[in-house]
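One structure is given below, encoded as structure tokens.
The values are calculated or read from the model by the stated rules, or taken from the named source; none is laboratory data. Keep in mind that what you see is a predicted model, and the values were worked out from it rather than measured. Glycine also receives a Cβ, built like all others from the backbone with ideal geometry; neighbour counts cover every protein chain displayed.
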């Protein structure tokens, strides 16, 4: 998901030149409290909402999108192209020519190949593509591995990332159109579960090596987890793996997804009573998002 840079929730950005290890083997993620039926329902619902929003953008295609370096037209093309890419994965593709180490070139390639077919085509592809994903997802177990940018990934996690794409870009588009957009707590929880599986792929390795830190993350409705940042990158594990962490933090699910993807700040969430931190280094909660290359 681009936000003035070259990073994308649907593509799990890794710094260019970094080695992409297969950190997403399905068997590593059985401890996550997956809810496949729930993420399928929310993905279908938000796909329809985003598609409807795209159609209401008629006449405003050249308006800028706040916080992004795209126009409304470019954002809708990206959403349509992303949906088409996800369909390929759900139809069994192991890779679709998307280099997660060079997202600028990859996004330009996909958007050029997709072409400017107008808002109607983008809305139809968003709606139909996600419906296809949901139909295929209903036939699979939550941990069934799919091909994905970073290697074999649990289907529930891929759906969660696709849902994040809809949640955050729906918010971006609604801001451009001056419309109201709601991210429900349930939808945010499903997206955050995918982060437990895929956050190691998007770790900012330079920062993790320079400033090692460990967190215990409490998000109501999501299994509590530990995040260990160090010279090896990031390891996400069930709570209780270690006795002590640098910082424990409890965050409302909607606030967490907005902070993680750069649509809000940890300081704002704390000021509004949606985040609380304690432990040896409670101030570190303000910097958690800086360890991840997503926005």
query = Does residue 65 count as within 19 Å of residue 166 (Cβ to Cβ) and in contact with a strand residue (DSSP E or B) (Cβ under 8 Å, 6 or more places away or on another chain)?
reply = yes
ask   = Do any helices (runs of 4 or more DSSP H) entirely within the stretch 77-191 hold 1 or more residues that are at pLDDT 90 or above and under 18 Å from the mean Cα position of the chain (by Cα), and if so, which?
value = 118-137, 155-176
query = In the list 144, 57, 157, 123, which residue meets the criterion of being within 25 Å of residue 35 (Cβ to Cβ), touching a residue at least 24 places away in the same chain (Cβ under 8 Å), in contact with a helix residue (DSSP H, G or I) (Cβ under 9 Å, 6 or more places away or on another chain) and buried (at least 20 other Cβ atoms within 10 Å of the Cβ)?
reply = 157
query = Would the stretch 41-48 turn up any residue that is assigned by TED's automatic domain parsing to the domain that holds residue 163, farther than 22 Å from residue 121 by Cβ and buried (at least 17 other Cβ atoms within 10 Å of the Cβ)?
reply = yes
query = Within the stretch 64-100, can you find the residues that are touching a residue at least 60 places away in the same chain (Cβ under 8 Å) and surrounded by fewer than 15 Cβ atoms within 10 Å (Cβ to Cβ)?
reply = 64, 66, 69
ask   = Does the stretch 35-43 include one or more residues that are at pLDDT 95 or above, in contact with a helix residue (DSSP H, G or I) (Cβ under 9 Å, 6 or more places away or on another chain) and not in a helix (DSSP H, G or I)?
value = yes
Test result for residue 236, in contact with a strand residue (DSSP E or B) (Cβ under 9 Å, 6 or more places away or on another chain), in contact (Cβ under 8 Å) with a residue 24 or more places away in the chain and assigned to a strand (DSSP E or B) = yes
message = Checking the conditions here, which among 263, 254 is more than 24 Å from residue 28 (Cβ to Cβ), at pLDDT below 95 and buried (at least 16 other Cβ atoms within 10 Å of the Cβ)?
response = 263
Considering residues of the stretch 266-295 that are modelled with pLDDT of 95 or more and in a strand (DSSP E or B) only, the residue nearest to the chain's Cα centre (by Cα) = 275
